[in-house]
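The values are calculated or read from the model by the stated rules, or taken from the named source; none is laboratory data. These numbers come from a predicted model, not from an experiment. For neighbour counting, all protein chains shown are included, and Cβ atoms are generated from backbone atoms with ideal geometry for every residue, glycine included. Heads up: the accessible areas ignore ligands, DNA and RNA and are worked out on the full protein's heavy atoms, side chains in. Shrake-Rupley method; radii C 1.70, N 1.55, O 1.52, S 1.80 Å.
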Amino acid sequence: MHISRALCGVGFGILGVMSNIGPAWSAGYTITDLGSLVEVGSTYAEAEGINNSQQVAGYIRWKTDYYGVSPFFYDGNVMHDLSAQLGEGAFVFGLNHLGHVTGSNGTAFIYDGSNLQDLGTLGGASSTGYAINDAGEVAGTSEFSDTSSDEHAFYFDGEAMHDLGTLGGDESRAYGINSFGEVVGRSLIAGEIWDPDIWHAYLYNGSQMLDLGTLGGGEADESYANDINDFGQVTGSSDTGDGGPHAFLYDQGFMQDLGTLGGDASWGKSVNNDGHVVGSSRTSAYGDIAPFLYDGFEMRNLCYLTDCGAKGWTLLQVAKDINDAGCITGEGIIGGESHIFLITWTDQPITELCTDGIDNDGDGLIDCKDAEDCGQRTICYVPPDMAYDLIDLGTLGGNQSFGYSVNNSGQVSGQSRITGNDAVHAFVHNGNSMRDLGTLDPSDIWSAGRGVNSSGQVTGSSAATHWSSGGMAHRAFLYDDGSLLDLHPLFEACDESMAYAISDSGQIVGTCVEHIYDGWVAEMRYAFFYDGNNVIMLSNGVDESYANGINNNGQVTGTTYNTFSDSRAFLYDGVMHDLGTLGGSSSRGNDINDLGQVTGVAGTAEGESHAFFYDGNTMHDLGAFEGGFSVGTGINEGGQIVGTSRLANGEGAAFLYDRGRMLSVCALTACRDNGWTSLVVAEDINDYGDITGYGVKNGETHAFLALSGNGPTPEIEVCDDGIDNDNDGLIDCDDTQDCGQAPNCYVPPQPEICDDGIDNDGDGLIDCLDRRDCRQHPACKTGGGGGGGGGGGGGGGGKNR
């Protein structure tokens, strides 16, 4: 788990490339041997954590005694043996950014460099702390009874240890925690008689343990979660149903298979706040194991990136942790000994970095304020005639929101955590307030508004938790005239459906998922096109496909996948056209305008991934910021493109591509002067040039709207001035379209009382006729009835990129 941002070494970046403007960068990583506790002599070393100060913690096993252990702390210069402070045989497993560690010396502890705090147990004899955040909250495992060795996951809130329970089985473990106190790990599920010991990855969201499912979905398939970042992304490993375990990245409701380095298995160990994953993978069937870095697009062998053999390493075994600047630690063999390694960049820039909030060159000017060094840098440059106003769209009461689509009226659709952070709801922002669109069913805890058209119709999907145990999760919806319409019944062959975009005529595209049963379960995904009457599955002899964008001419873009080949962006106009790549092996289509122009991401001949512009005939490379990675997510009728690109320090930065140049949306809006730490992703742009996306403000992720000033001033109802501002005949709170969710107007819905003869919740149904609310009420039961269905993990949604 990682919280604050810092550079990987003084001036080190991640995935840096040669820049046309500003400092030069070297072309790779360097690997440093942190050694071992030489006075002990190790048989192998275990690096368990790295923080943003490049401190590393873990433990060393002794050569002379396999069961002998020395915990260590590397302070950036020297490796210290903590045996005297923690006790002989103590283990260190977790490290936060303050340099505090957690582990076990019989029971879980926190050690802050001076004081050793015993966290106790859940009632049994032993416990272990596996992860710690900067608030001093710990996730771990403890025996809960003196009469049993079974263990339960625990959450230590700074004062007391809390039992997180299980997913129905007898035991659970906790291995990761983020700054919001969300915990991940593994738990036994309610087992069959023939196999009672099935483990599933889970996410504990503060109130319940959510089953994340598996990549295979078979009854005997297992999964494990090892780490979670502050955006709720989870990594671990899962059975695939037809082979060995694969590393996964779980993000907003979807478990993505990260593949392998060529072998039959891989394991995800850690994920940072940029969604980069490290772990280990077999390089051939039953062959050697090598550490990997997944950079958001592909899995890379860290030994190749570091030229480890030339540096004296016989073998790199596993990458255990990655910090927010891309520094990586793990273990390998050098000189016949197992040692800890630290991977950073090889060089540093000689001038102001322009993106790290630090006065690197000591001239008293920071980042873009240093006009001499940064004024013409891509990340700082603002054309003289371009200036944007930045609006924080807020949240539905929780601590996160994401803007996904914006129409020409400035309405924004997206998703937000609600008050209490125990659920995520779709929203539409009408310029004045954020309206909660709710969910399709009261049992749903997640929904997302993915696309909004010129009429204010919103499409997206809603889910209870995650597909598991034969149940259904995501269902596509259409929000129109104040209500949600369930579109899922349209997809007879699909177990799940997700809608991503909507045209002005109400045509909708997205993805449906079919669960294939053959002794195990596989998920097959198919792009769909809904014209308002019929559903068409988009296929061209491919195994899987996704549809992400549609224009007002009914043209669709998305991505196709074949089992034995890479992905391809497509344009569908009755026929599916392969848009090719930028010289690499893969591409993905994300959005399309009415001219049939497409943007997305494609692999380059140099092995990078760049945003592209497809002009109807040719795919053009839009380049990237200094980090060498970019994705195009939205395109308007003028051919302006928005997306995200990686900075030299590894952070994502929202961009606008205009007039042949990639511009920083943060620079265009002076975001840092307005209280934002960064604008991470620009998701969509309307025809006036207004941009929506999300960034970080006061430590929280918020949706934003950047107004270009080119469009008409939106006529918005002010909800407390007694004036009909938008001339629709409705004043203040009577204008429910604009003000229904405003604080001074919002009236929480009333629950139906099932035996009073009154329509309490205003849905037109009274008492027992209101089956949604009253079917379980004693006055409404008529006998008979069937059973309910399964649980599962949770999350949000997003475009498939």
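Below is a table of values for the structure above.
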{"quantity": "Selection within the stretch 397-425 - closer than 28 Å to PRO489 by Cα, out of contact with any Gly (no Cβ under 7 Å at 6 or more places or on another chain) and part of a strand (DSSP E or B)", "calculated": "VAL406"}
{"quantity": "Scope the stretch 740-768; condition surrounded by fewer than 17 Cβ atoms within 10 Å (Cβ to Cβ), farther than 17 Å from PRO442 by Cβ, among the aliphatic types (A, V, I, L, M) and modelled with pLDDT under 80; matching residues", "calculated": "VAL747"}
{"quantity": "Count - residues of the stretch 115-171 that are at pLDDT below 95 and of a type in the set (Phe, Trp, Tyr)", "calculated": "1"}
{"quantity": "Number of positions in the stretch 559-599 that are part of a loop (DSSP other than H, G, I, E, B) and at negative phi", "calculated": "14"}
{"quantity": "Residue that is surrounded by the fewest Cβ atoms within 10 Å (Cβ to Cβ), among those in the stretch 326-344 that are at pLDDT below 85 and not in a strand (DSSP E or B)", "calculated": "GLY336"}
{"quantity": "Qualifying residue in the stretch 310-320 (condition: open to solvent by 50 Å² or more (accessible area, probe 1.4 Å), assigned to a loop (DSSP other than H, G, I, E, B), over 30 Å from GLY699 (Cβ atoms) and at pLDDT below 90)", "calculated": "no"}
{"quantity": "Sole residue being in contact (Cβ under 8 Å) with a residue 60 or more places away in the chain, of a type outside the set (Asp, Glu) and either surrounded by fewer than 24 Cβ atoms within 10 Å (Cβ to Cβ) or at negative phi (or both), chosen from ASN226, ASN272", "calculated": "ASN272"}
{"quantity": "Tally, over the stretch 88-111, of residues that are over 21 Å from ILE322 (Cα atoms) and surrounded by 14 or more Cβ atoms within 10 Å (Cβ to Cβ)", "calculated": "10"}
{"quantity": "Flag if GLY510 is in a loop (DSSP other than H, G, I, E, B) and at pLDDT 80 or above", "calculated": "no"}
{"quantity": "Checklist (1) in contact (Cβ under 8 Å) with a residue 24 or more places away in the chain; (2) more than 19 Å from GLN640 (Cα to Cα) applied to GLY596, failing item", "calculated": "(2)"}
{"quantity": "Cβ-Cβ under 6 Å pairs, at least 6 apart or on other chains, the stretch 426-443 side touching a residue at least 40 places away in the same chain (Cβ under 8 Å) and in a loop (DSSP other than H, G, I, E, B), far side surrounded by fewer than 22 Cβ atoms within 10 Å (Cβ to Cβ) and of a type in the set (Asp, Glu)", "calculated": "LEU440/ASP486"}
{"quantity": "Checking SER454 against (1) open to solvent by 20 Å² or more (accessible area, probe 1.4 Å); (2) in contact with a strand residue (DSSP E or B) (Cβ under 9 Å, 6 or more places away or on another chain); (3) hydroxyl-bearing (Ser, Thr, Tyr); (4) in contact (Cβ under 8 Å) with a residue 40 or more places away in the chain, the condition it does not meet", "calculated": "(2)"}
{"quantity": "Matching residues, the stretch 26-43, being in a strand (DSSP E or B), modelled with pLDDT under 75 and closer than 11 Å to GLU331 by Cβ", "calculated": "SER42"}
{"quantity": "Checking ARG659 against (1) modelled with pLDDT of 90 or more; (2) surrounded by fewer than 23 Cβ atoms within 10 Å (Cβ to Cβ), the condition it does not meet", "calculated": "(1)"}
{"quantity": "Every pair of residues 6+ apart whose Cβ atoms lie under 8 Å, when the first sits in the stretch 544-558 and is open to solvent by less than 10 Å² (accessible area, probe 1.4 Å) while the second is assigned to a strand (DSSP E or B) and of a type in the set (Asp, Glu)", "calculated": "ASN548/ASP591; GLY549/ASP591; THR557/ASP591"}
{"quantity": "Single condition GLN252 does not satisfy, out of (1) farther than 23 Å from ALA448 by Cβ; (2) polar (S, T, N, Q); (3) open to solvent by 20 Å² or more (accessible area, probe 1.4 Å)", "calculated": "(1)"}
{"quantity": "Tally, over the stretch 397-419, of residues that are open to solvent by 20 Å² or more (accessible area, probe 1.4 Å) and more than 20 Å from SER179 (Cα to Cα)", "calculated": "3"}
{"quantity": "Leading residue by the ranking (farthest from PHE231 (Cα to Cα)) among those in the stretch 382-396 that are open to solvent by 50 Å² or more (accessible area, probe 1.4 Å) and assigned to a strand (DSSP E or B)", "calculated": "ASP389"}
{"quantity": "Residue match in the stretch 469-478 (condition: open to solvent by less than 20 Å² (accessible area, probe 1.4 Å) and polar (S, T, N, Q))", "calculated": "no"}
{"quantity": "Some residue of the stretch 699-712 being crowded, with 20+ Cβ neighbours inside 10 Å and in a loop (DSSP other than H, G, I, E, B)", "calculated": "no"}
